[in-house]
Amino acid sequence: MWFIVFALAVAVLVAGDPPGPWWGSAVYYRILVDSFKDGDGDGLGDLLGAAKQMSYVRALGADAVILTPLSSKSTDCSQPGTIDLKQIDPRYGDVDKFVSLLKKASKLELKVVITLQLETISVASEWFKLSAGRARGYEDMVLWKEDETRARLATPPHGAKNNEAVLNLCSENTAAALVEALCVWLKRGVAGAVLKVDHPPDLGCSAALVKSLAMDAVRCARSANLEVPVTVVETALDAAAAELYAEAGANSVISKALTALDRPSAAGLALAMHATVLFSPQDGPAWTTSETDENRIATRYGSDIVDAINMLALTLPGAAIIQQGDELGAADTLLEWSTTTDCWPVKMTPAAAPFPWDDGPSAGFSTGQPWLPIAPNYRYANAKTEFANDFSHVGVLRVAAAMRRSPAMGPHAEIQRLGDAIAILRWGGAGSLLNVANLGRGAVDVQLSKIPGLPSVMSVAASSSGSSVSSGSHVTIDRGIRLNAGESVLMAGPPRHCGGPGPVDKIANKLSEGWQRINKYFSGA
């Protein structure tokens with residue numbers, strides 16, 4: 001406990017305001033609203049429940065929350081998708097409850113970012129019906145095939161995705177409607193939006209839409225005397241698409257480097273990290289620990305590597321996104337256990353397992369029957385149990401988040417592969433921070449001396465749950481460190497030093513000598 005308190009104190013007392021906009025180094029916590037906390041007992045997570053648990057998010061060390069889409073959705077599962085982007089789905093709550101959540105978050109100094117899924121809409125939506133009827137201004141809002149009849153409104157058109165109609169993001173009318181919807185949310189008080197705008201038929205249209213949304217978001221915020229909002233893009237495509245969105249004006253593009261379906265190797269992950277940094281916006285990437293609809297860390301890789309992924313996200317340059325449940329090492333649920341046939345706002349997926357608040361009935365998620373079965377490991381992987389244990393996954397994450405704000409977290413970052421281990425060095429500040437994670441299947445001896453300029457001794461700020469390396473111990477760099485499979489260690493120390501004059505120093509010395517000679521000549525000495 002003493003080290004958590006110490007780390008938090010250092011972060012508060014010493015760290016100043018980070019350079020650049022807040023989103024460049026933010027720690028986001030992504031909330032799956034449907035599965036976070038049920039406030040009214042109907043079995044589905046909602047705004048009332050999320051507002052009650054905002055203090056939990058702040059206690060983790062987060063700066064902002066990302067809410068999954070809240071827009072009104074179809075109540076007919078045969079016609080899924082968004083009905084109205086501007087309206088809040090009544091199953092989550094209403095505008096008043098949303099404003100209450102914003103006020104609670106503001107008191108805790110948490111910013112709130114919403115997610116807008118702009119790629120598809122429901123065939124039950126007004127936009128789709130007007131486009132099908134060729135109403136003026138709506139004719140091209142949906143992606144129609146030239147020879148396709150628009151008479152059968154219940155049938156998704158050409159290019160349908162998940163039985164939803166695909167929006168034509170190349171249409172000026174579509175862009176104008178989406179800009180209007182974003183402005184409505186900004187005026188409600190959100191700090192920005194995560195945009196899903198992939199349009200494979202023409203990614204140029206996606207980029208143009210991002211540019212329009214980013215510029216108009218700033219105009220909308222200024223007109224309402226609000227802070228400049230953040231524009232984050234989440235893409236299912238490759239690094240080339242990320243580069244396209246970055247050039248279009250996105251403040252951040254969410255990186256999938258840490259979310260591969262198979263357990264990553266050090267070599268493969270190092271390449272993915274370098275590619276992310278190379279193609280990221282000027283303000284840096286946003287590293288997410290898991291994707292919303294895909295398996296969480298514990299399920300896709302195993303519980304032994306949970307802390308390693310979380311700590312990597314928190315030490316890499318840019319922002320970090322902690323996916324709901326990853327801080328606990330929570331597993332996905334088993335859909336085979338589901339007994340409900342109700343139509344819910346979102347598709348039932350294993351990763352959407354209700355959040356485990358405690359080890360009691362329904363894991364403290366709801367007083368009713370949860371919309372999805374609770375994850376099988378909730379008896380020990382729950383918030384109450386882990387907050388009581390300083391060496392749990394939550395305890396490790398809280399220290400790592402606190403160290404992120406310490407003077408050891410320098411502005412420069414270096415990514416290195418050391419055999420089966422990967423190392424992230426943050427330097428250039430009042431100290432240095434080194435994160436080393438063994439991604440291999442067996443124990444490895446990591447030769448830290450291969451990283452030039454490290455201080456001779458560093459102190460362990462945090463180590464993964466069950467680690468043989470204890471917090472507060474010292475590591476002699478020349479001796480290296482032995483890490484078991486999946487084990488990760490976060491170390492802090494004095495500033496990085498140079499072994500001798502580098503090229504810049506040599507050039508500066510030569511210039512200095514030259515000026516001395518010139519001054520000597522003209523002085524007649």
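The values are calculated or read from the model by the stated rules, or taken from the named source; none is laboratory data. The structure displayed is predicted, hence computed values, not measured ones. Quick reminder, even Gly has a Cβ in these numbers, built from the backbone with ideal geometry, and neighbours come from all protein chains shown. Accessible surface areas use protein heavy atoms only, side chains included; no ligands, DNA or RNA. Shrake-Rupley method; radii C 1.70, N 1.55, O 1.52, S 1.80 Å.
Overview of values
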read-out: Members of the stretch 114-145 found to be over 24 Å from Val190 (Cβ atoms), part of a loop (DSSP other than H, G, I, E, B) and open to solvent by 10 Å² or more (accessible area, probe 1.4 Å), listed by number; value: Ala124, Gly133, Arg134, Ala135, Arg136, Gly137, Tyr138, Glu139, Asp140, Leu143, Trp144, Lys145
read-out: Residue match in the stretch 480-495 (condition: open to solvent by 40 Å² or more (accessible area, probe 1.4 Å) and free of Cβ contacts under 8 Å to residues at least 24 places away in the same chain); value: no
read-out: Leading residue by the ranking (farthest from Gly20 (Cα to Cα)) among those in the stretch 217-237 that are of a type outside the set (Val, Ile, Thr) and open to solvent by 60 Å² or more (accessible area, probe 1.4 Å); value: Ala236
read-out: Meets criteria (under 19 Å from the mean Cα position of the chain (by Cα) and farther than 16 Å from Asp42 by Cβ) for Ala351; value: yes
read-out: Residue that is touching a residue at least 24 places away in the same chain (Cβ under 8 Å), over 15 Å from Lys37 (Cα atoms) and open to solvent by less than 40 Å² (accessible area, probe 1.4 Å), where the choices are Ala352, Ala402, Ala383, Ala413; value: Ala402
read-out: Filter pass, Ala207 being touching a helix residue (DSSP H, G or I) at 6+ places or on another chain (Cβ under 9 Å), of a type in the set (A, V, I, L, M, F, W, C) and closer than 17 Å to Phe279 by Cα; value: yes
read-out: Options Ala270, Ala250; residue that is more than 21 Å from Ala375 (Cα to Cα) and surrounded by 24 or more Cβ atoms within 10 Å (Cβ to Cβ); value: Ala250
read-out: Qualifying residue in the stretch 382-396 (condition: of a type in the set (Gly, Ala, Ser), under 20 Å from the mean Cα position of the chain (by Cα) and within 30 Å of Ala430 (Cα to Cα)); value: yes
read-out: Flag if Leu278 is closer than 28 Å to Phe391 by Cβ and assigned to a helix (DSSP H, G or I); value: no
read-out: Residues of the stretch 63-96 satisfying the condition of being open to solvent by 50 Å² or more (accessible area, probe 1.4 Å), free of Cβ contacts under 8 Å to residues at least 60 places away in the same chain and among the hydrophobic types (A, V, I, L, M, F, W, C); value: Ile83
read-out: Any chance Cys205 is open to solvent by less than 50 Å² (accessible area, probe 1.4 Å), over 23 Å from Ile321 (Cα atoms) and touching a His at 6+ places or on another chain (Cβ under 9 Å); value: yes
read-out: Conditions (1) open to solvent by less than 10 Å² (accessible area, probe 1.4 Å); (2) free of Cβ contacts under 8 Å to residues at least 60 places away in the same chain; number of the one not met by Ile422; value: (2)
read-out: Residue tally, condition open to solvent by 10 Å² or more (accessible area, probe 1.4 Å), under 13 Å from the mean Cα position of the chain (by Cα) and at pLDDT 95 or above, over the stretch 288-316; value: 1
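Condition check ((1) outside any strand (DSSP E or B); (2) closer than 25 Å to Pro264 by Cβ) across all residues:
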| site | (1), (2) |
| --- | --- |
| Gly442 | yes, yes |
| Gly453 | yes, no |
| Val460 | no, yes |
| Ser468 | yes, yes |
